[in-house]
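Notes to accompany the following structure.
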Amino acid sequence: MTIREYNHCVDECSDGIYRFLLKNIRNTELARDLVQDSFMKLWLKRKDVSYEKSKSYLFTTAYHTMIDHVRKSDRQGYDVDERVLSNLEGAENNYTDVKEVLNLALDRLPAMQKSVVLLRDYEGYAYKEIGEITGLSETQVKVYIYRARLFLKKYIVSMETVL
């Protein structure tokens with residue numbers, strides 16, 4: 001990969017990777033750091049990675065960097081954004097934004113299900129590409145997405161969520 005291709009890759013992919021990481025970890029500064037780490041790893045491997053595979057390489061690297069960070073932090077799951085939770089609990093007769101409910105539901109998913117749903121529905125990756133990024137088989141990806149969507153559907157239409 002040339003320097004020009006690398007710079008083009010930064011322009012094309014940085015926002016998508018940031019959104020993916022931010023949706024997973026819900027910490028803007030940490031998401032920015034992980035994006036930076038991912039691009040640094042690409043820079044170090046630029047001679048080995050072709051431009052055509054750079055987007056997939058970046059998402060794979062970002063995903064694994066995020067998992068490594070979570071493991072190092074000894075976190076068991078992802079924290080629920082307390083502001084969203086308090087808004088939902090305190091707004092008994094008020095209008096609730098569907099996006100807030102969806103974000104809260106996403107936060108309640110297991111980490112792997114959340115990652116594959118975000119890659120599929122938010123970033124538009126194919127099942128095979130998601131499998132390459134996460135190290136899962138295509139069948140496992142489909143199962144995780146199916147289970148996550150069932151949970152999201154149940155959660156969103158439950159009476160406790162509808163205010």
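The values are calculated or read from the model by the stated rules, or taken from the named source; none is laboratory data. All figures in this text were calculated on a predicted structure; none of them were measured in a lab. All Cβ positions, glycine included, derive from the backbone under ideal geometry; neighbour counts span all protein chains shown.
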Checklist entry - Looking only at the range 119-150, which residues are outside any loop (DSSP other than H, G, I, E, B) and either at positive phi or surrounded by fewer than 17 Cβ atoms within 10 Å (Cβ to Cβ) (or both)? => result Asp121, Tyr122, Lys128, Glu138, Thr139, Gln140, Lys142, Val143, Tyr146, Arg147, Arg149, Leu150
Item to check | Filter result (part of a loop (DSSP other than H, G, I, E, B), of a type outside the set (Ser, Thr, Tyr) and surrounded by fewer than 18 Cβ atoms within 10 Å (Cβ to Cβ)) within the range 47-66 | outcome: Lys47, Asp48
Checklist outcome for this item: Screening Tyr155, Tyr127, Tyr95, Tyr146 for residues that are at pLDDT 85 or above and more than 22 Å from Met66 (Cβ to Cβ) leaves only Tyr146
